[in-house]
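Structure first, commentary second.
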Amino acid sequence: APAPAPNFLRNIVEADLAAGTHTRDGLPPVITRFPPEPNGYLHVGHAKSIYTNFGLARDFGGRCHLRFDDTNPEKEEQEYVDSIIDSVRWLGFDWDYKGPVGAGNHLYFASDYFDKLYEMAEYLIKVGKAYVDSQSAEEMKNTRGGFGVAGTNSPFRNRSVEENLQLFRDMKAGKFKDGEHLLRAKISEDAMSSPNMNMRDPAIYRIRHAHHHRTGDDWCIYPMYDYTHPISDALENITHSICTLEFQDHRPFYDWLLEVLSEGGFFKKPVPHQYEFARLNLTYIVTSKRKLRQMVEEGIVDGWDDPRLPTMAGMRRRGFTPEGIQLMCERTGVTKSDGWIDFGVLEGAVREDLDPKAPRAIAVLRPLKLIVENFPQGQSVECTSPVHPHHPELGHRTFPFTRELWIEEEDFMETPTKGYFRFTPPVGDQPGARVRLKYGFVAECTGYDKDENGKVTAVRVKYFEDSKSGTPGADTYKVKGNITWVSAEAALPAEVRLYDRLFTEEKPDAGGKDFKEFLNPKALEIVQAYLEPGLKDAAAEQRYQFERHGYFVADRVLSQPGKPVFNRIVTLKDSWAK
Ligand code: ATP
Ligand code: MG
Ligand code: MG
């Protein structure tokens, strides 16, 4: 077995458990959270965050909360809440914790904390650690300074506690327009020259006369992310607050805020601690919400669940398995240094998950007629093959051998190249090639038909009645070619969607490149295929290995009862070539 991937967070949690760092009555000693903002659909990067947070809780007997970070009223919608809930469940995680202590349903919304967040903001004002700033946005930008350039104090920085309190209450009461005032933290006297920009009197409340998807019009001031997040974590008794590296510079404010509020008696120690890890970057995709939205809105893809997208909804429709995605998350480890992971790692994990469990089936994707000239019209012979070659307990499937079959176009060559062992016609006194029709009979090519354009329309063969697979006679025929087929009379005609990577470029949006220049025109090819008849009853989301072709799933949106539409999940081998 390969060595486990590095995961520094596991080491931290293990050490904390051993030291009893977070041992508290009535609470598990590990509590993490996944905190999405409900402003879009989740993607594979979020899957990594879900896996990291819920996975730590699972592995160490703790719990993980699902918390919606819903403090931006304009961008958030119930639709996104629903789809996120769906995606987390689908990936295999649950916030309904079973105990032994602290059991319960741990689904939260930051908006449920609006009253408490407000109360704590008033407290900060009262102890001189927050003030109302009335500079314009432009002025604020100028007084903030820049990297290596100290900022300057706002002229409103020394307002009295009374004045600040009154203004803040008036902000809440709706007496001002958006942007007229802002509540800012006052971390220290010289905070405006801190080398960390996030410590320069960060905004903690802003005015927004906007309808919120949960609190309606109750509020016209909303807390900022950097203020809301640590408090939400502390209110939920989170032990390890895990986020991506870009939040490293936010940690000093996180710690400052929880320290001040602990002194104020709002929280007991130990308070949560923030840990940052490197985000998942996969090649051949884009995950920026803006770019995903652009592709959906411009019709480059067909909705948020288009199987070409790396959204959770898209991956689900594509047929990627939750277990395969989890395996990729596990294998890519958790580190502190940014890097790129090849998309093939995800495909490989999905393939590895599917191989032992996907039932086998036969599909002919690019059909060519095969006529068995010495097989009587109207008759059939039943052929059988295992549902799964390594799981005899799954039994057998049966399908008929008939006079007319479908084979793959590529299984016949008029003028064979060297090393080609499938059907080729007789030449002079040389007989045609002999090939085994897998699970059926050996047949020898006797000729072929062409249309007026020179296109081959049918291959003609004679079969050997005593060569049936699984019968004693089978062994006496030594053939090098072995091909798949379906009976033309019994086959299920079906639409099969051959999906491939959406981009031809490894990093389609790196370094200012326009990702739309690298769209892969072959990311979707729709073919009319002929399938083994038993696939007629494939349920939506049922996955198969189509022999020779890869793994396929009955599309959960397009499939109809008795009329499945299949998506290619992934090919059998990594066959990606630019
Ligand atoms: P955006 O900033 O584009 O709106 P976001 O990815 O930050 O999107 P959130 O809903 O805030 O969206 O993300 C929820 C959680 O998922 C955050 O903790 C975030 O750090 C994490 N996350 C997002 N993308 C990745 C990624 N590629 N790898 C690991 N974690 C990620
Ligand atoms: Mg976000
Ligand atoms: Mg975010």
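The values are calculated or read from the model by the stated rules, or taken from the named source; none is laboratory data. Small disclaimer: the values here were computed from a predicted structure and weren't measured. Using ideal geometry, Cβ is built from the backbone for each residue, glycine included, and neighbour counts are taken over all protein chains shown.
In table form, for the structure just shown:
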{"quantity": "Residue 71 vs. criteria buried (at least 21 other Cβ atoms within 10 Å of the Cβ), within 16 Å of ligand 3 (Cβ to nearest atom) and assigned by TED's automatic domain parsing to the domain that holds residue 270", "calculated": "yes"}
{"quantity": "Any pair with Cβ under 8 angstrom, 6 or more apart, that starts in the stretch 218-246 at a residue that is closer than 18 Å to residue 271 by Cβ and assigned to a loop (DSSP other than H, G, I, E, B) and ends at one that is within 12 Å of ligand 1 (Cβ to nearest atom) and modelled with pLDDT of 95 or more", "calculated": "236/33; 236/67; 238/32; 238/33; 239/32"}
{"quantity": "Residues of the stretch 23-50 classified as farther than 15 Å from residue 290 by Cα, within 16 Å of ligand 1 (Cβ to nearest atom) and part of a strand (DSSP E or B), total", "calculated": "4"}
{"quantity": "Filter result for residue 322 (over 30 Å from residue 505 (Cα atoms), in the same structural domain as residue 80 (by TED's automatic domain parsing) and either crowded, with 16+ Cβ neighbours inside 10 Å or within 16 Å of ligand 3 (Cβ to nearest atom) (or both))", "calculated": "no"}
{"quantity": "Residue, surrounded by the fewest Cβ atoms within 10 Å (Cβ to Cβ), within the stretch 247-277, restricted to residues that are in a helix (DSSP H, G or I) and of a type in the set (Ser, Thr, Tyr)", "calculated": "262"}
{"quantity": "Identity of the residue in the stretch 539-570, part of a strand (DSSP E or B) and of a type in the set (A, V, I, L, M, F, W, C), that ends up nearest to residue 352 (Cα to Cα)", "calculated": "570"}
{"quantity": "Qualifying residue in the stretch 378-394 (condition: touching a Leu at 6+ places or on another chain (Cβ under 6 Å) and surrounded by 12 or more Cβ atoms within 10 Å (Cβ to Cβ))", "calculated": "yes"}
{"quantity": "In the stretch 395-412, residue nearest to residue 444 (Cα to Cα) [restricted to those that are surrounded by fewer than 17 Cβ atoms within 10 Å (Cβ to Cβ) and in contact with a strand residue (DSSP E or B) (Cβ under 8 Å, 6 or more places away or on another chain)]", "calculated": "404"}
{"quantity": "Some residue of the stretch 70-89 being of a type in the set (D, E, K, R), within 19 Å of residue 226 (Cβ to Cβ) and touching a helix residue (DSSP H, G or I) at 6+ places or on another chain (Cβ under 6 Å)", "calculated": "yes"}
{"quantity": "Pair list, Cβ < 6 Å and 6+ apart or interchain, from the stretch 411-437 residues that are touching a residue at least 24 places away in the same chain (Cβ under 8 Å) to residues that are part of a loop (DSSP other than H, G, I, E, B) and of a type in the set (A, V, I, L, M, F, W, C)", "calculated": "423/433; 434/479; 435/479; 436/479; 437/485"}
{"quantity": "Candidate set: the stretch 21-63, residues that are basic (Lys, Arg) and out of contact with any helix residue (DSSP H, G or I) (no Cβ under 7 Å at 6 or more places or on another chain); chosen: the one nearest to ligand 3 (Cβ to nearest atom)", "calculated": "58"}
{"quantity": "Residue, nearest to ligand 3 (Cβ to nearest atom), within the stretch 278-310, restricted to residues that are polar (S, T, N, Q) and surrounded by fewer than 18 Cβ atoms within 10 Å (Cβ to Cβ)", "calculated": "288"}
{"quantity": "Filter pass, residue 48 being among the charged types (D, E, K, R) and free of Cβ contacts under 8 Å to residues at least 40 places away in the same chain", "calculated": "no"}
{"quantity": "Candidates 99, 92, 61 - the one that is in the same structural domain as residue 273 (by TED's automatic domain parsing) and either hydrophobic (A, V, I, L, M, F, W, C) or touching a residue at least 40 places away in the same chain (Cβ under 8 Å) (or both)", "calculated": "92"}
{"quantity": "Number of the exception - residue 122 against (1) acidic (Asp, Glu); (2) touching a residue at least 60 places away in the same chain (Cβ under 8 Å); (3) away from ligand 1 (no atom under 16 Å from the Cβ)", "calculated": "(2)"}
{"quantity": "Count - residues of the stretch 85-141 that are in a helix (DSSP H, G or I), among the aliphatic types (A, V, I, L, M) and either in contact with a Gly (Cβ under 9 Å, 6 or more places away or on another chain) or at pLDDT below 95 (or both)", "calculated": "3"}
{"quantity": "Matching option when the condition is hydrophobic (A, V, I, L, M, F, W, C), within 16 Å of ligand 1 (Cβ to nearest atom) and either surrounded by fewer than 17 Cβ atoms within 10 Å (Cβ to Cβ) or not in a loop (DSSP other than H, G, I, E, B) (or both), among 5, 18", "calculated": "5"}
{"quantity": "Residue match in the stretch 33-42 (condition: of a type in the set (D, E, K, R), within 16 Å of ligand 2 (Cβ to nearest atom) and under 25 Å from residue 117 (Cβ atoms))", "calculated": "yes"}
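Every residue, every condition in (1) over 28 Å from the mean Cα position of the chain (by Cα); (2) more than 19 Å from residue 37 (Cβ to Cβ); (3) more than 13 Å from ligand 1 (Cβ to nearest atom); (4) not assigned by TED's automatic domain parsing to the domain that holds residue 124, yes or no:
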site: 238; (1), (2), (3), (4): no, no, no, yes
site: 250; (1), (2), (3), (4): no, no, no, yes
site: 262; (1), (2), (3), (4): yes, yes, yes, yes
site: 267; (1), (2), (3), (4): yes, yes, yes, yes
site: 270; (1), (2), (3), (4): yes, yes, yes, yes
site: 281; (1), (2), (3), (4): no, yes, no, yes
